[in-house]
Every structure is written in C-alpha cells, then in structure tokens.
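Asks: Would you mind keeping the following structure in view while I ask a few things?
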Amino acid sequence: MTNVIEIRELRVEYPGRNRSEPPRVAVDGLSLSVRPGEVFGFLGPNGAGKTTTMNVLLGFVNATGGEAFLFGVNVREPIARQRIGYLPELTYYYRFLTAEELLRFYARIFGIPRAETDRRIDALLKLVELESVRRRPIKTYSKGMQQRVGLAQALINNPDLLILDEPTSGLDPLGRMKVREIIQRLKQEGKTVFFSSHELGEVETVCDRVAIISQGRVREEGRVSDLVAKYRCDLERVFLKVIGYEPPSGN
C-alpha cells in the first residue's frame, strides 16, 4: 500500500541575509512516512522545521535536497496536491463573507458542480457545527468558529489528506475539544490527517503515530502508546526528553 506521505532525507536551506552569512538550515535530512487513514502528529519546538516541511508538501517551498511524495507522486508535480485540504495556523478570509459564501467561493475554485456544492456545504456546516450561523459574516465569529469554518474550507474538495498547521492554536478548551472531535470524525471516515500541534494532551488522545523533530531532524517516531511505554511517562515528558530539555535545578 502506497504511503500517503513519504519524505526521504529532506533538506531545506534559506539564504543568509547577506553574502557573508551562511545559509540557514531549516530542515536537515528529515525522513518519515504517513500511512492511509492515520492521524499523524508532527511535533517539535518553535523553529524545529515543522511549517517548512509542510510548505514543501504543499508546494510553497522548494527543497534543497531529498524528496517528498504525496500518494506516490513527487510534490514538485501539481497533480500531487489535488487530493489535499489545508488549514494554515493563521487563517485570512474575506471577513465580510458569510460561511456559506466562503465555502461556495472555494467550491468554484475547485470546479465543483452547483448541486454537489450545495450538498457539501450543508454537510460541512453540520460537521463543524455552524449551521445556525451560516449566513452571519465571518467577522462576527469567535476565534473557535473561524477555525472551524477554516476546517470546512479545507474539506470542501473532499480531500483524502488533510494538513493542519496548529489547528487549535489560541482556542479555549471548548474550541479545542470541538476541533478534536472533528478530527476524530474524519478519521472514522477514513481520511488521513497530518497536523502539527503544541497541545500534547490532544495529540496523545487523537493520534495514531507521532514524529518529534528538533533542529530539522526526526528525533523519535512511533505509536503514542509505544513511546509512552518506552519512556515511562506521558507524551509531554516524552517530548521534553527527546528534544533534550533540562528543567532548571531544584524544579
């Protein structure tokens, strides 16, 4: 069975600010794979290379070295991204649009027929629990509601793979719970979900496997239960151990 995501020895360098400054290495020989139907957590401290890796998969950034594949197709080929939905950490929408108008706009971009668009909009707004406010401008939504309409936007093309960059960032506990429930429903539908998060308690709840990266490299990868058993602690402490964090003496 072909992996949904296959990354092999990926390297990404950004040029220095001037000729005398050496390139900055954001991703350094990173390799991992994600199987069909998995919820995969992509973990690491700020600056570890998570967003850069996602940007390579999405075609926003070209790799300096190595290879990456989606559904067996090299990410350099546009066809590789036709089956993807994407939610960035910071969403920017036309705030005067309603949720229904926003989804209809993205459906037109994908060339989805009108009758199918109507059906998908109804189903997605029900999934993200925004049916009752579908005709309210997005500018009147809370942060959690905006994040959920972003999830609906990422799903309008019925993707097989959903890439989420910090989907619960800045949300209150109720908002995080609702996003977590949506991810679990998508898993039940057989979707593959690849997401980064700093909310390690949620990752431990919803993910099948995780990769922990630091300084652009995978430091640990495996099933959450296996990592917890290996290190004999919860996922948060596993994470801290893997990235080499040492608490101040006396704590």
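Asks: Every residue in the range 79-120 that is without any contact (Cβ under 8 Å) to a residue 40 or more places away in the chain and of a type in the set (Val, Ile, Thr), please.
Replies: Those that are without any contact (Cβ under 8 Å) to a residue 40 or more places away in the chain and of a type in the set (Val, Ile, Thr): Ile79, Ile109, Thr117.
Asks: Can you tell me which residue is modelled with the lowest pLDDT among those in the range 74-85 that are hydrophobic (A, V, I, L, M, F, W, C) and buried (at least 16 other Cβ atoms within 10 Å of the Cβ)?
Replies: Filtering first and then ranking leaves Ala80.
Asks: Now a separate question. Evaluate the following for Glu166: is it at pLDDT below 90 and out of contact with any strand residue (DSSP E or B) (no Cβ under 7 Å at 6 or more places or on another chain)?
Replies: So Glu166 fails the test.
Asks: Where in the range 184-251 are there helices (runs of 4 or more DSSP H), lying fully within it, with 3 or more residues that are open to solvent by 80 Å² or more (accessible area, probe 1.4 Å)? Explain how you work it out, then say what you get.
Replies: Values: elements: 200-206, 224-231, 235-242.
Counting at least 3 such residues, we get 235-242.
Asks: Right, here's the next one. Give the number of residues within the range 77-95 that are under 19 Å from Phe194 (Cα atoms) and assigned to a loop (DSSP other than H, G, I, E, B).
Replies: 6
Asks: Within the range 177-196, is there a residue that is of a type outside the set (Val, Ile, Thr), out of contact with any Phe, Trp or Tyr (no Cβ under 9 Å at 6 or more places or on another chain), more than 20 Å from Leu124 (Cα to Cα) and modelled with pLDDT of 90 or more?
Replies: The answer is no, given that none of the residues of the range 177-196 is of a type outside the set (Val, Ile, Thr), out of contact with any Phe, Trp or Tyr (no Cβ under 9 Å at 6 or more places or on another chain), more than 20 Å from Leu124 (Cα to Cα) and modelled with pLDDT of 90 or more.
Asks: Anything in the range 121-172 that is open to solvent by 10 Å² or more (accessible area, probe 1.4 Å), touching a residue at least 12 places away in the same chain (Cβ under 8 Å) and assigned to a helix (DSSP H, G or I)? List them, or say none.
Replies: Leu124, Leu127, Val133, Lys139, Lys143, Gly144, Met145, Gln146, Arg148, Gln153, Leu155
Asks: Additional query: Please name all residue pairs, on different chains or six or more residues apart, with Cβ atoms under 8 Å, provided the first residue is in the range 201-226 and is free of Cβ contacts under 8 Å to residues at least 60 places away in the same chain and farther than 23 Å from Leu186 by Cα and the second residue is open to solvent by less than 10 Å² (accessible area, probe 1.4 Å) and not in a strand (DSSP E or B).
Replies: Taking only residues 6 or more apart or on different chains, the pairs are Glu220/Leu227; Glu220/Val238.
The values are calculated or read from the model by the stated rules, or taken from the named source; none is laboratory data. Because the structure is predicted, anything quoted here is derived from the model rather than measured. Neighbour counts run over all protein chains shown; Cβ positions are idealised from the backbone, glycine included. To get the accessible areas, we keep the full protein, side chains included, count just its heavy atoms, and leave off ligands, DNA and RNA. Shrake-Rupley method; radii C 1.70, N 1.55, O 1.52, S 1.80 Å.
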